[in-house]
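The values are calculated or read from the model by the stated rules, or taken from the named source; none is laboratory data. Computed from a predicted model, the values in this text were never measured in an experiment. Cβ sites come from the backbone with ideal geometry, for glycine too, and all protein chains shown count toward neighbours. The protein model used for the area step is the full one, side chains on, heavy atoms only, and it has no ligands, DNA or RNA in it. Shrake-Rupley method; radii C 1.70, N 1.55, O 1.52, S 1.80 Å.
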Amino acid sequence: MSKNADYKLLKPVQHVLHRPDMYIGSVITEESIKRWVCEDDKVLEKVVNYNPGFLKLFDEIISNSADEHKRNPKLNSIKVDINSDTGEISIWDNGGILVEKHKEYKGYIPEMIFSEMYSGTNFNDDEERVTVGTNGLGSVLTNIYSHQFTIETCDGKKHYKQVFDTNMSIKGEPVIKASKKNFTKITYKPDLGRFELDSIDNDHIIQLRKRALDVAASNAGLKVEFTANGTFNTYKFKDFKEYVDFYLDDFTDCFYLKNKRADIAIVSSESGFYHKSFVNSVDT
């Protein structure tokens, strides 16, 4: 029989940190894994170190921007910046989040989105699903797994900034001022120790660059700029076929099919069958 002291009651954030596999995947780095990466502005297969949980933090934030692009085509630009020296990653887009207090929640909407679990706009299951988010966790998980997490956004009237520290345990007060330039920028400093990483190394940078490339490819006309330690790339595709041409620049035969819901490309391979696929901008 279990002793009294064996029973524990964890708060939601404690549970997320205690059981990462349930929320962001494994936080253990797998060594020498063959992955598709983007290096020197080319897509190739390469043996790299791979930490699924660390990469998931980035995916949650850039997927937010991709989702908002689908809702608001005026959001047509995403900028990613990675600084290994400071350990910071930022994702900017020219969208903007409504800077108002929520009628029921009472707190500001940006704070609710990025610090309250099970919040968001993706809970209407009667709508046709073309976005990533469904569970209201996403970006909050990135906040929880960060030393510092900064929200900056402007809805065309008000500029909002708020800083969270120490795995979302310290919440700063929002600073609000008048501004007219629509944008959202999330800057986070991942808690690398929880992923047994010493720095944001090149193996993970070229995987993050590939994810940024894929977001551009899955959203025709969306420009994604990627800067990492001074290296700059821009990705923008008029259609998915242009991405296929970029991905496989030496193929000769390609069968390409496009309909309302799908783009499909089939090319010959000398090394057996493999596939890459994306659903609602997510690498599947």
| field | Residue list for the stretch 1-18, restricted to those being exposed (fewer than 11 other Cβ atoms within 10 Å of the Cβ) and not in a helix (DSSP H, G or I) | value | Met1, Ser2, Lys3, Tyr7, Lys8, Leu9, Lys11
| Applying the selection to the stretch 245-284, what residues are touching a strand residue (DSSP E or B) at 6+ places or on another chain (Cβ under 6 Å) and either closer than 24 Å to Asp81 by Cα or exposed (fewer than 13 other Cβ atoms within 10 Å of the Cβ) (or both)? | Tyr247, Phe255, Leu257, Ile264, Ile266
| task | Considering (1) over 21 Å from Asp59 (Cβ atoms); (2) among the acidic types (Asp, Glu); (3) in contact with a His (Cβ under 9 Å, 6 or more places away or on another chain), say which one Asp191 fails and leave the rest. | result | (1)
| query | Looking only at residues in the stretch 206-244 that are open to solvent by 10 Å² or more (accessible area, probe 1.4 Å), touching a residue at least 60 places away in the same chain (Cβ under 8 Å) and within 11 Å of Ile82 (Cα to Cα), which one is farthest from the chain's Cα centre (by Cα)? | reply | Asn229
| task | Could you tell me whether Asp81 is acidic (Asp, Glu), crowded, with 17+ Cβ neighbours inside 10 Å and under 18 Å from Ala228 (Cβ atoms)? | result | yes
| Lone unmet requirement of (1) open to solvent by less than 10 Å² (accessible area, probe 1.4 Å); (2) within 14 Å of the chain's Cα centre (by Cα) for Thr187 | (1)
| Residues of the stretch 188-210 being touching an Asp or Glu at 6+ places or on another chain (Cβ under 6 Å) and either within 25 Å of Ser115 (Cα to Cα) or part of a loop (DSSP other than H, G, I, E, B) (or both), which ones? | Lys189
| field | Residue within the stretch 24-46 that is among the small types (Gly, Ala, Ser), surrounded by fewer than 19 Cβ atoms within 10 Å (Cβ to Cβ) and either modelled with pLDDT of 95 or more or in contact with a Pro (Cβ under 6 Å, 6 or more places away or on another chain) (or both) present | value | yes
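Residues that are more than 22 Å from Pro190 (Cα to Cα): which strands (runs of 3 or more DSSP E) entirely in the stretch 25-125 hold 1 or more of them?
Strands (runs of 3 or more DSSP E) meeting the threshold: 30-39, 42-50, 77-83.
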| message | Filter the stretch 158-187 down to the residues that are part of a strand (DSSP E or B), among the basic types (Lys, Arg) and in contact (Cβ under 8 Å) with a residue 24 or more places away in the chain and list them by number. | response | Lys158, Lys171, Lys185
